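The structure appears right after this line, and notes come after that.
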Amino acid sequence: MAKISVSILSADFDNLNPTLALLEEHGAGYLHLDVMDGVFVPNETFGPELVKSLEGTTGLPFDIHLMISNPAEFVSGYVTKNTEYIVVHEEVAEDLEGLLSQIRALGVKCGVAIKPNTAPETINSVIGKVDQILVMSVEPGFGGQKFIDTSLDKVRYFAEERTRHSYDFKIAIDGGIGEGNIAKIRDAGADIIICGTSILGAPDPAAVLDRLNDIVE
Ligand code: DX5
Ligand code: ZN
């Protein structure tokens with residue numbers, strides 16, 4: 001059974017508590033926190049202060065997606081009691097294996113993300129050592145973009161590799177996902193399905209989350 005990880009990128013940050021309560025009540029699996037630095041991606045969001053301020057305000061575990069150019073310097077700032085995963089991008093890691101060990105040493109799970117133009121084989125050397133692989137199904141930077149269909153081939157590739165080698169990482173997919181395409185994403189083998197705009201941009205986010213959960217459960 002896949003879990004929905006909700007990106008709060010498009011939420012109202014001045015009034016987050018009702019949103020967090022709604023997501024928890026309606027069975028979100030994770031809170032997906034998109035950290036952007038305006039360098040690795042052409043957009044800036046929030047940093048460790050905001051993430052720390054959310055600690056304890058929800059029972060949901062945090063799935064932290066670092067879209068920053070120098071993650072090794074900053075990962076420790078994202079450890080909170082809620083943090084389950086800290087995910088870094090392959091494209092910026094000089095020593096990816098070292099960075100993943102650094103994250104694990106902080107007592108949280110580690111993940112590696114790849115952009116749409118990054119081949120899945122690029123991370124072959126670390127896939128036995130990660131807790132999560134995040135396939136970006138849009139160019140990182142903004143919510144509300146169109147899903148890139150070839151991402152499904154990457155999800156299938158990692159699912160096959162996992163079976164072949166008995167790895168136990170989770171496969172996450174991020175960007176452009178909603179009621180119209182979540183079934184095929186589930187069928188491709190994704191375990192953590194990240195949705196932002198389709199839920200929080202809807203007039204009735206709770207109803208959308210209920211329906212998405214019905215499809216993946
Ligand atoms: C994009 C982010 C995503 C994105 C998801 O850089 O990593 O998490 O905001 O949002 P939607 O569902 O709107 O594509
Ligand atoms: Zn994300």
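Within the chain, which is the longest segment that contains none of the trypsin sites (Lys or Arg not before Pro) sitting in a DSSP loop with at most 14 other Cβ atoms within 10 Å? The reported range is 1-80.
Roughly how many Å² is the accessible area per residue of the range 138-217, as a whole number, for a 1.4 Å probe?
Details: 3680 Å² over 80 residues.
Normalised by residue count, the accessible surface of the range 138-217 is 46 Å².
Phi-derived couplings, Karplus 6.51 cos²θ - 1.76 cosθ + 1.60 at θ = phi - 60°, listed residue by residue for the range 131-137: 8, 8, 10, 10, 8, 7, 9 Hz, with x used for Gly and Pro. The antiparallel fraction among DSSP beta bridges confined to the chain stands at about 5%. Nonpolar atom fraction for the chain, defined as the carbon and sulfur part of the 1.4 Å probe accessible area, stands at 48 percent.
Take every Cα pair under 8 Å whose residues are at least 6 apart in sequence, average their separation, divide by the length of the chain, and the relative contact order is 22 percent. Distance between the pseudo-spin-label points of ASP14 and ASP204 (7 Å out from Cα toward the beta carbon): 2.8 nm.
The values are calculated or read from the model by the stated rules, or taken from the named source; none is laboratory data. Bear in mind that the values here come from a model prediction, so they are computed numbers and not experimental data. Positions of Cβ are generated from backbone atoms using ideal geometry, with glycine treated the same way; all protein chains shown enter the neighbour counts. Side chains included, ligands, DNA and RNA excluded: accessible areas come from the protein's heavy atoms. Shrake-Rupley method; radii C 1.70, N 1.55, O 1.52, S 1.80 Å.
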